[in-house]
Amino acid sequence: MRTYPLIRYRWSNEHIMTALFIVILMYLFPLWLQKPSDILAFLVLLAVSLILDAAAGYIRHKRFVCSVSAAVTAAILQAITPGIPLWYKLIGIFAAIIVAKQIWGGTGKNSMNPAIVGYLVICFFNSGIYMPIEPSLFLIPGLVLSLPFIIFRPYMTLGYFIGMLLAYLSGDIVSWQILVVNSMFFGCIVMTDPVTITPQKFVGLIGGFLIGLLPMISVNPAIIFPMMLLIFNLVSYLIDDYFSIARRNLFYHPIKIKYPLKKINLTMPLIDLTLRDNNVDEKRADGLEYMNSLTPEMVLERIEANEVLGLGGEGFQTAEKIKTALTSNMDKKYLIVNAVECDPGLIHDKWLLRNRREDIYKGIKVISHCMDFSEIYLAVKNTEDISFPNDIKIHKVKNYYPTGYEKTLIKSVLKKKIPVDFIPAKLGILVLNVQTVLSIYEAVFLNKKADEKYITVANLKDNNAAVVKVKIGESIMKILESVYPGEYPVFTGGGIMNAHNVEEDDIVGKKTNFIAVSKMPRYKESPLCSNCNLCTTSCPQGLIVQRIAELIDKEKYEKVKKYRPEKCINCGLCSYVSLCGRNLSARVGEARGKVLL
Amino acid sequence: MINLKNEFFTEKEILFMGYSSRMPQLSSMIYKAFTDAGMKVYPVNPKTSKKYDVKVYQDISELPKVPSIAYILLDNENARTAVQQLKDSGVKKILFHRGKTADQSLLDECNEAGIETAVACPMMVFGSGLHKLHGFFAGVR
């Protein structure tokens, strides 16, 4: 059974294409004002385009798939061929949909811009000069609304703007109005097609610049421009698919995820489901003097004997981790207490920080009793209501996901980049989850076995959550019945970004942080990937997620190794942002499993 | 046509025969529609797959309990096999996905075994948007 985020982007490819279609209609509006009969011609063109695309999609996928991209193609073709008889445009749309798109594999697989191919075919049958969009005040809304689409291929658009500006300054474009209108239409609408234009920064910038400048200084820009664009499409195809130029130089943009839980009262009472027996050494010494009576070796022995594990999600033996840091030969050692809790579905660490503050501080002092740290940090997202003595530095991290991941956190706190294959503890950097620190306190001061943990139990239908103390090994369904009785379906996992359906006999494990009642998330698994690369640009590990997923779908397990899926930290972001609704993190997880076998 | 929501789906648990990894979109859409309506779903498919996002049982004998309502999303031949299994397992109602799943002879066989039948896509009952409209015109909502 695969894991997946329970929350997702609300946007899909179809939403974006529909928005694009509406914006292009705004460019057609002035033409329709002049000649209303063109509306009917456009409707016919649109209908033919949709029918062709839907039919081809049905033959390929054995079901109807959304054809809104065909509507966009028809609208672009209409905009760049004003005054041309309808039947020429029908030939053009046939070439666009069938020759330029479907023969290559359909939406997302074509290497050339279909509308531009259709335009060139029309030029072949009906020579004439078309293409420039005539300026008009009625275009202002369309121009403004075109701007957001730049985010798909910003470097290409920027290069195109610069090229066009240079052409204008050298007198090859007659008016600034034509410059503005055509730069916006072609730069924001046509050249931001994520399927046919490479996301590479440098190549996009240079390509856009040349396409903006050279046609304008040539004899026949109406032909040279589309030819250059199609050549660039092929260059993009070669770069992205055959030369495997690393996409890691794409700009990584961290993602902020909106918390699905409404403002939770972090002083709420704990729900304690542990049936604690009293066979525990309840020797609560006064303050820290008790700890001073223990040697570092005794402290480590207690931590080991009470089986303290990493409670942040990975479940490593904490004593081993501390010993690794202890034996590191680095001059300076650091302790980072990780209370970031970046998963948007979790609240228990935040609760602990506000309700078990003193015990956590004692836990920190226990660890620093074992070794000398140059600095001790407490990493949090929100410093409200947090106060610790001055020997603990509070470090506020940015509110992005997943800033709580160990190596990302080290980079934020210490400004050090730790390579994938390196263990931070060996470099003298000890990162411990705040609940682990609490567990250390309990193991040393109370001689208590670490067989309990604090987890978040949430009802995402009502956006409520509770902090619950449970025994490791307890039945998940039983826990849920105690907190939210009678609710279904139930999910569990490391957090809201990494959850799976609960089976009847599932129990709380080392890595269980989260139980929730929620609606089943919708992963529609559309076959129409638009190559937007959001999955890749949002991956904190710089993985080429789309390629890994493709290879896993085709079961090419040997080929997937070169893309280093073992670097995946299972944050679930790729599934969260996928505009075609694919559970990409599960595929990357499968690839990771194959490589680590 | 009976009102499926009120008269057929009288229990909050359902057996989903034919949950498929080959048609994940349809299976997951229907699964989600059932769960969003508050129903507990037990998907069954004898073929294992790593591509399932939910727990899928390989046989009815693995189920912790057998619900009294079953939904069958299979072709006619496999639907017949499924009905044979369901006859002796306490299922009282079967919803077939469409006419091709259950021809008249299969429906008669079910009725003779005391199993109430209906033929409709569950999206017409539990879906939203156009599915709702479809269900309204089909008279099943």
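The values are calculated or read from the model by the stated rules, or taken from the named source; none is laboratory data. Since we're looking at a predicted model, the values are computed, not measured. FYI the Cβ positions are ideal-geometry reconstructions off the backbone, even for glycines, and counts take in every protein chain you see. Surface accessibility is based on the protein's heavy atoms, side chains included, excluding ligands, DNA and RNA. Shrake-Rupley method; radii C 1.70, N 1.55, O 1.52, S 1.80 Å.
List every residue pair whose Cβ atoms sit under 6 Å apart, with the two residues 6 or more apart in sequence or on different chains, where the first one lies in segment A:4-16 and is within 14 Å of chain B (Cβ to nearest Cβ) and on the phi < 0 side of the Ramachandran plot and the second, anywhere, is in a helix (DSSP H, G or I) and open to solvent by less than 60 Å² (accessible area, probe 1.4 Å).
Here the result reads A:TYR4/A:SER575; A:PRO5/A:SER575; A:PRO5/A:TYR576; A:ARG8/A:TYR576; A:GLU14/A:VAL68, each pair linking segment A:4-16 to a residue that is in a helix (DSSP H, G or I) and open to solvent by less than 60 Å² (accessible area, probe 1.4 Å).
Need the failing condition index for A:SER328 against (1) in a helix (DSSP H, G or I); (2) out of contact with any Leu (no Cβ under 6 Å at 6 or more places or on another chain), just the number.
Status for A:SER328: all satisfied but (1).
In contact (Cβ under 8 Å) with a residue 24 or more places away in the chain and either open to solvent by 20 Å² or more (accessible area, probe 1.4 Å) or among the small types (Gly, Ala, Ser) (or both): does that describe A:SER49?
So A:SER49 fits the description; yes.
Has segment A:400-408 got any residue that is modelled with pLDDT under 90 and either among the acidic types (Asp, Glu) or more than 33 Å from the chain's Cα centre (by Cα) (or both)?
Checked segment A:400-408: no residue is modelled with pLDDT under 90 and either among the acidic types (Asp, Glu) or more than 33 Å from the chain's Cα centre (by Cα) (or both).
Taking the options A:VAL68, A:VAL72, A:VAL44, name whichever one is more than 14 Å from chain B (Cβ to nearest Cβ) and over 19 Å from A:ASP193 (Cα atoms). Write out each step before concluding.
Details: A:VAL68 fails: over 19 Å from A:ASP193 (Cα atoms); A:VAL72 fails: over 19 Å from A:ASP193 (Cα atoms).
Exactly one residue qualifies, and that residue is A:VAL44.
Can you report the number of residues in segment A:235-288 which are surrounded by 13 or more Cβ atoms within 10 Å (Cβ to Cβ) and modelled with pLDDT under 70?
Number of matching residues: 6.
Which number in (1) within 30 Å of the chain's Cα centre (by Cα); (2) farther than 28 Å from A:PHE202 by Cβ; (3) among the aliphatic types (A, V, I, L, M) marks the one condition that A:LEU77 misses?
For A:LEU77, the failing item is (1).
Somewhere in segment A:360-370, is a residue open to solvent by 10 Å² or more (accessible area, probe 1.4 Å) and assigned to a loop (DSSP other than H, G, I, E, B)? Steps first, answer last, please.
First pass over segment A:360-370, keeping only residues open to solvent by 10 Å² or more (accessible area, probe 1.4 Å): A:361-362, A:365, A:368-370.
From the residues that got through so far, the ones that are assigned to a loop (DSSP other than H, G, I, E, B) too are none.
No, every residue in segment A:360-370 fails to be open to solvent by 10 Å² or more (accessible area, probe 1.4 Å) and assigned to a loop (DSSP other than H, G, I, E, B).
Of all residues in segment B:63-91, which are within 11 Å of chain A (Cβ to nearest Cβ) and either within 20 Å of B:GLU116 (Cα to Cα) or not hydrophobic (A, V, I, L, M, F, W, C) (or both)? Give the derivation first.
First, pick out the residues of segment B:63-91 that are within 11 Å of chain A (Cβ to nearest Cβ): B:63-65.
B:PRO64, B:LYS65 - these are the residues of segment B:63-91 that are within 11 Å of chain A (Cβ to nearest Cβ) and either within 20 Å of B:GLU116 (Cα to Cα) or not hydrophobic (A, V, I, L, M, F, W, C) (or both).
Go over the candidates A:GLU525, A:GLU481 one by one and state the one that is free of Cβ contacts under 8 Å to residues at least 24 places away in the same chain and not basic (Lys, Arg). Steps first, please.
Values: A:GLU525 fails: free of Cβ contacts under 8 Å to residues at least 24 places away in the same chain.
Only one candidate passes the filter, namely A:GLU481.
Would you tally the residues in segment B:29-62 being among the hydroxyl-bearing types (Ser, Thr, Tyr) and either at the interface with another protein chain (Cβ under 9 Å from one of its Cβ atoms) or within 16 Å of A:TYR4 (Cα to Cα) (or both)?
Initial filter on segment B:29-62 (among the hydroxyl-bearing types (Ser, Thr, Tyr)): B:31, B:35, B:42, B:48-49, B:52, B:57, B:61.
Okay, now just the ones that are also either at the interface with another protein chain (Cβ under 9 Å from one of its Cβ atoms) or within 16 Å of A:TYR4 (Cα to Cα) (or both), so B:31, B:35, B:52.
So the answer is 3.
For segment A:150-171, indicate whether the set of residues that are among the hydrophobic types (A, V, I, L, M, F, W, C), at pLDDT 90 or above and within 22 Å of A:CYS529 (Cβ to Cβ) is non-empty.
Looking through segment A:150-171, at least one residue is among the hydrophobic types (A, V, I, L, M, F, W, C), at pLDDT 90 or above and within 22 Å of A:CYS529 (Cβ to Cβ).
Has segment A:89-110 got any residue that is of a type outside the set (Val, Ile, Thr), farther than 23 Å from A:ASP240 by Cβ and open to solvent by 70 Å² or more (accessible area, probe 1.4 Å)? Break it down stepwise before answering.
Of all residues in segment A:89-110, those of a type outside the set (Val, Ile, Thr) come to A:89-90, A:92, A:94-96, A:100-102, A:104-106, A:108-110.
Imposing the further condition that a residue be farther than 23 Å from A:ASP240 by Cβ reduces the set to A:89-90, A:92, A:94-95.
Those left that are additionally open to solvent by 70 Å² or more (accessible area, probe 1.4 Å): A:94.
Within segment A:89-110, one or more residues are of a type outside the set (Val, Ile, Thr), farther than 23 Å from A:ASP240 by Cβ and open to solvent by 70 Å² or more (accessible area, probe 1.4 Å).
Only one of A:LEU311, A:LEU346 is at pLDDT below 90 and either farther than 14 Å from A:PHE373 by Cα or over 31 Å from the mean Cα position of the chain (by Cα) (or both); which?
Numbers: A:LEU346 fails: at pLDDT below 90.
One residue alone meets the criteria, A:LEU311.
Limited to segment A:1-25, what total is found for residues that are surrounded by fewer than 18 Cβ atoms within 10 Å (Cβ to Cβ) and more than 17 Å from the chain's Cα centre (by Cα)? Full working, then the answer.
So the first thing to find is which residues in segment A:1-25 are surrounded by fewer than 18 Cβ atoms within 10 Å (Cβ to Cβ), and the list is A:1, A:9-11, A:15, A:18-19, A:22, A:25.
With the extra rule that they be more than 17 Å from the chain's Cα centre (by Cα), the set shrinks to A:1, A:15, A:18-19, A:22, A:25.
Residues meeting the conditions: 6.
What residue, among those in segment A:371-414 that are under 18 Å from A:LYS321 (Cα atoms), touching a Pro at 6+ places or on another chain (Cβ under 9 Å) and among the charged types (D, E, K, R), is surrounded by the fewest Cβ atoms within 10 Å (Cβ to Cβ)?
A:LYS407
Looking at (1) within 15 Å of A:VAL588 (Cβ to Cβ); (2) open to solvent by less than 20 Å² (accessible area, probe 1.4 Å); (3) not basic (Lys, Arg), can you tell me which one A:ALA516 breaks?
The number of the failed condition is (1).
So which residues in segment A:552-588 are within 14 Å of chain B (Cβ to nearest Cβ), part of a helix (DSSP H, G or I) and under 15 Å from the mean Cα position of the chain (by Cα)?
A:SER575, A:LEU584, A:SER585, A:ALA586, A:ARG587, A:VAL588
Looking at the structure I just gave you, is A:GLN200 open to solvent by 60 Å² or more (accessible area, probe 1.4 Å) and not hydrophobic (A, V, I, L, M, F, W, C)? Lay out the reasoning, then the answer.
Values: open to solvent by 60 Å² or more (accessible area, probe 1.4 Å): no; not hydrophobic (A, V, I, L, M, F, W, C): yes.
No.
Can you find, within segment B:6-28, the residue that is farthest from the other protein chains (Cβ to nearest Cβ) among those that are small (Gly, Ala, Ser) and in contact with a Leu (Cβ under 8 Å, 6 or more places away or on another chain)? Explain how you work it out, then say what you get.
We begin by selecting, within segment B:6-28, every residue small (Gly, Ala, Ser); these are B:18, B:20-21, B:27-28.
Of the ones still in play, those that are also in contact with a Leu (Cβ under 8 Å, 6 or more places away or on another chain) are B:18, B:20, B:27.
Values: B:GLY18: 16, B:SER20: 12, B:SER27: 10 Å.
Applying the filter and picking the extreme gives B:GLY18.
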